[in-house]
Structure formats: C-alpha cells, structure tokens
Amino acid sequence: MKSRYIFIGSLLALTLFSGCEKDYLERPPLDTLVDANFFKNNEQVLAASAPLYSVVWKDYVDKASWALGDLRAGTTFRAWGNRDHVLFNTTEVSSENAEAYRSFFIVVGQANTLIQNVNRYAGAEVSPEIKNHAIAEARFMRATAYTFLVMNYGPVPIIENNLALLNDGGLIRNTVESVWEFITRDYLFAAENLPAMPVQPGRITKWSAEGMLARTYLTRAGVEAAGGVREQEHLDKAKEYADRVISMSGRSLLPNYADLFRYPYDNNNESLFEQQWVFTTNYGYANTMVSQITFSNDIANGDGWGGDLGASWWMLSLYDGLIQDDGAKPGFTLDQRLKATYMLPGAHYPEISQTVRDADGKETEQGLIFPSPAATADQSFASIKKYVVGKAKDLGGQAMQQRYPNNTYMLRLAEMYLIYAEATLGNSASTSDAKALEYFNRVHTRAGLPAYEDPLTWDTLFEERIKEFAMEGLAWYDLVRLHYYNPEKAYSIVNSQDRGLFVIKPNRMPNPTAWTFTKTEWFAERTASANSGNFELPIPAAEASQAPSLRNAPVPYDFGG
C-alpha cells in the first residue's frame, strides 16, 4: 500500500486549500490557515505544504488535464462529448478551460499563502532546512502552475502576494518572456533548497526541480527563438540539467513500461514528480480522473464514463506496423506502450476484473478482455487503459465511485532521456550523436522495439514523445513548445490528424494477433483546424468579466534589482 505521509499531513492541515471562491485571483480563500500556532515545528510546516500535492490540482486533473492535454493534441478523441476540444474549438465558456484556469491560479494563490505563512509564523523549533523546504515546494508548485498558464493562455498576471491585490485596482498581464523568467527563478530556488532524497515518500527533490528546469529551458529555447532558430544557450542548459538528473539522481527506468500504470505503482524509481492521491471519503484527495476515462462500469465502481473516449486514428498510425494499407490489411505492432495506454479488441488485462453476461443475462467475472465490436458495427473505440486500475477488489478495497487511489505523473525520468536527445539535436536537421542515440534508445527499446540506428530528427523525437506520454496530459504542451518557434508546423500537425470515428476488428477472438481498421463513412467531422486565432486558449469568460484589465496589453514584470 502506498505511503500515507503526505495525505496525513493534508488532513493535519484541516481544510487548507479547499476554497474555490469566484474571486480567487484577488484574495486567498477564506479557509486558508493563518494561525501562528500551526507552524511551530517541522511536522506542522510539512503538513501545511502537503495539500499542494493533490487537492489544489483537483479541478485540472479530473477532466481538463486530458481534455486539453490529449484531446486538443489529437492523441485521443471523443465521439460525442468534449467536441469543442476535439475539433479545436475550445472557447471562453468551455467548462474544462474554466476548470484548468481556476485550478492553476488556486495553486498559485495557495503557494503564495504558504510562503507568507512560513515566513511569518515559523517558530523556533522549525529548522532552517524545513522552512526552506516548504518554501521551495511552494515555489516549485507555483512554477508548475505558471508553466501551464503561460503555455495555454500566453501572457498572464504574475502574482506573488495575493493579499496585495486587495488594494490593487486591477490585474495586469505580464509578457510571456517575463512569465518564463519567473518560472525559471522559482525552479532554480527549488533546486537549490530541496534535498537529493525526499524527506517523506512522494515529496519532490532537487532532481524534480532540475528535471523541470530541463523541460523549462527546452521550451524557453523556442520562446526566445530568432527567425525560427532556437536559442542555443537554453538548449545547452536543457541538455545539462537532463543529463544531471539521468546520471546523478539515482532514478532508473522501470524495465516494463506497463508496470508504470499497474497499481500500486506510486512513487516508483522512474518517477520524479507525482500528484499524490489516496482512497478516502474526502473527495478532494482521491483520484477522480479514473471515473472519467474508464470505458465501462463493468470494470469500475459505479462509474466508468469514458465509453466514447479512445485513441485517435492518428495516434494509432504512429505505432509502427499497426495500420496497414490505410487499415484494410491486418496489422500489429511490437510497441508495448500501445496495450498499456489504449485497449484493442481482445487485449487481456488479468489484473482488472470485468463483469460479463451470458445470453440469459447471468453475470460472472473474469480478467478483463476488451470486447470486440459486433460483426455489423461501423464504429468502436480503442479505449483508455493508462491510469485505469479496475474495481475495489482489484485494489485491495481501495476504491469506490469517484474515489481512486492511484497517483498521476507530472514528470518521469523517461522525459529526461528524450529532452537530452532533442536539446542535442537543437537546430540541426538530424543528429547521430552517440549519447543522444543511447538515451533515445533507452526509452525506445524499453517499449519492446529494436534499437533505432538512423539519425534522430525532430519528427522522430516528437513521435516518440507522443507514444511514451499519451494520456499523461503532455502532448498538447509538446505542440505549444513547437508553436513558439515554428507555428506553421504546429498547425500542420494538428490539421493533418484524423480525429474521426472508425471500427477496429481483430483477426480472431480470443488472443488476436492483428487488427484491421475501417473509417466510419457517415462520420463527417474528421479533422480540426488550428490557426493563429485559436491555438492559444481564451481566458475564461467569467474571469475576464470580473477583471476587465486582463484584456489590456501585457507588460514586462518588475523583478526588482
């Protein structure tokens, strides 16, 4: 069973961070802890930072993380719901847009409040190390929230003190360059003040921060590109930080990719940062995303609302050998990441219990075998497997409707290998650098594929990232990173993706060895249309109406000194 240190700390912090007031941008929630007596010792200070690992991210993780991170990116599609994101029509009133924006600024506000409270109230029994640790955790989480904000919305207000806004006439957006500089400074502080080993299981470390710096510098290389040429100094820093995490953190890839998502996998040796969820009657601390993405209650706990979610045609086309002759010829893939991420008819998952019914409706249970569509069907889905963990009986009783215990990854070591390779490639058309190929192949061969021997190109690296991190909410941000320095290519990728319905037929049941794929003829909405007018998300209508100054032109942030 997973460690409960962080969750227990969250409970000790009472109801910290549970408020979601409409004016959360302008003041901290009413239930924020300000009691000087709470910060007397190391344990209390750590308890105060614990909710930053879960409940403050709740509105984002539940639906917005995959609706924005994967539906907009095109790895996954939905036939009937979330069509605004699938078709690249996310608007100022799209619910997941509002939930994401709100969640990110809740993280910012609560991180700011924690920093202020620790500085103001930490007693003599609080060690300097733990004081700096809590502040570093807060700044790390704030930087992570701002990363999502700036990549989704462009210029946003930089807020370091929510209380100061009470006397402010209006929020002012800061430039994209300013926000990225702010993010970098927060991660640098975290890297300098977090320990090499976690103070409690699941806590972030200096390697978590350095991993985020690798990702940040890779992105900033595009933000500060000139004429489409990425900034070399930032590429070099991305490469340096990625290599430091790989060689010095003590982390290693799990040998089997599927084990990353088989419960209990939490806080394994590949993980660098996870949101920490637990099974509890407290809705705020449990993983509710599983309810949204599981394809049927037959493998769930009174939920399972993701029946029309599945891998897009484009996503499946990336797995070498799977879609042959536009789907007409039976195909298969050696890539083990497919089965661990999406379910094809006949796929067997013995760790998950499935309710099945005979012709008379009598129910029995078996290890999950993903069903094949009817012979006459013209639509089916490669449903979500990643993060789907099954019934309470499969989890030692640790689940019920909208209450699941498994963590969600925010940063894995695998990304460090691919960041190193991309930073080495830099602005070149290809690279045969031996170390870059070695690092790329550690990820590639772990998936059951033969070693890649050709020169690495950006397209090769991009497709590898998509297959490695599909349904982890990262694919959209890979496109944003590209968009910073090559927007036309980003639009081209989105606009060339097939996001429409199709049917998947196995060559036999059970134990299929190949599948055919046929596009659903009557389904017309197969493509999205990305352009400069809809690539960036609009600020949600409710927030823009409360703070009209958000429509003003952004200004550089005054860092002082």
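Any residue at all in segment 394-402 that is assigned to a loop (DSSP other than H, G, I, E, B), at pLDDT below 95 and surrounded by fewer than 15 Cβ atoms within 10 Å (Cβ to Cβ)? No, because not a single residue in segment 394-402 is assigned to a loop (DSSP other than H, G, I, E, B), at pLDDT below 95 and surrounded by fewer than 15 Cβ atoms within 10 Å (Cβ to Cβ).
Of these, Asn152, Asn174, which one is assigned by TED's automatic domain parsing to the domain that holds Ser49 and either farther than 16 Å from His234 by Cβ or at pLDDT below 95 (or both)? Lay out the reasoning, then the answer.
On the way: Asn174 fails: assigned by TED's automatic domain parsing to the domain that holds Ser49.
Just a single option satisfies the conditions, and that option is Asn152.
Taking segment 214-264 as the range and being farther than 19 Å from Lys489 by Cβ and charged (D, E, K, R) as the test, the residues that pass are Arg215, Glu233, Asp236, Lys237, Lys239, Glu240, Asp243, Arg244, Arg251, Asp259, Arg262. Exactly one residue out of Val278, Val290 is closer than 15 Å to Gln402 by Cα and either surrounded by fewer than 23 Cβ atoms within 10 Å (Cβ to Cβ) or touching a strand residue (DSSP E or B) at 6+ places or on another chain (Cβ under 6 Å) (or both), and it is Val290.
Picking from residues in segment 313-346 that are aliphatic (A, V, I, L, M), part of a loop (DSSP other than H, G, I, E, B) and touching a residue at least 60 places away in the same chain (Cβ under 8 Å), the one that is surrounded by the most Cβ atoms within 10 Å (Cβ to Cβ) is Leu344. Does segment 463-486 contain at least one residue that is assigned to a strand (DSSP E or B), among the aliphatic types (A, V, I, L, M) and either surrounded by 18 or more Cβ atoms within 10 Å (Cβ to Cβ) or touching a residue at least 12 places away in the same chain (Cβ under 8 Å) (or both)? No, every residue in segment 463-486 fails to be assigned to a strand (DSSP E or B), among the aliphatic types (A, V, I, L, M) and either surrounded by 18 or more Cβ atoms within 10 Å (Cβ to Cβ) or touching a residue at least 12 places away in the same chain (Cβ under 8 Å) (or both).
For segment 510-541, filtered to residues that are among the aliphatic types (A, V, I, L, M) and more than 25 Å from the chain's Cα centre (by Cα), the residue that is nearest to Pro157 (Cα to Cα) is Ala524.
Residue-level check: of (1) farther than 23 Å from Pro487 by Cα; (2) surrounded by 18 or more Cβ atoms within 10 Å (Cβ to Cβ), His234 misses just (1).
Taking segment 1-108 and the helices (runs of 4 or more DSSP H) fully enclosed by it, no element has 2 or more residues that are out of contact with any helix residue (DSSP H, G or I) (no Cβ under 9 Å at 6 or more places or on another chain) and modelled with pLDDT under 90. Can you name the residue in segment 350-383 that is within 18 Å of Gly302 (Cβ to Cβ) and of a type in the set (Val, Ile, Thr) and is also nearest to the chain's Cα centre (by Cα) among such residues? The residue in question is Ile352.
Residue check: Gly202 meets all listed conditions (1) surrounded by fewer than 19 Cβ atoms within 10 Å (Cβ to Cβ); (2) in a loop (DSSP other than H, G, I, E, B) but one, namely (1). No other residue among Asn161, Asn132 is modelled with pLDDT under 95 and more than 23 Å from the chain's Cα centre (by Cα) apart from Asn161. Selection of segment 60-84 for residues being under 16 Å from Met315 (Cα atoms) and of a type outside the set (A, V, I, L, M, F, W, C) yields Gly69, Asp70, Arg72, Gly74, Thr75, Thr76, Arg78.
The values are calculated or read from the model by the stated rules, or taken from the named source; none is laboratory data. Every value quoted in this text rests on a predicted model; they were computed, and no experiment measured them. Note: ideal-geometry Cβ built from the backbone for every residue, glycine included; neighbour counts use all protein chains shown.
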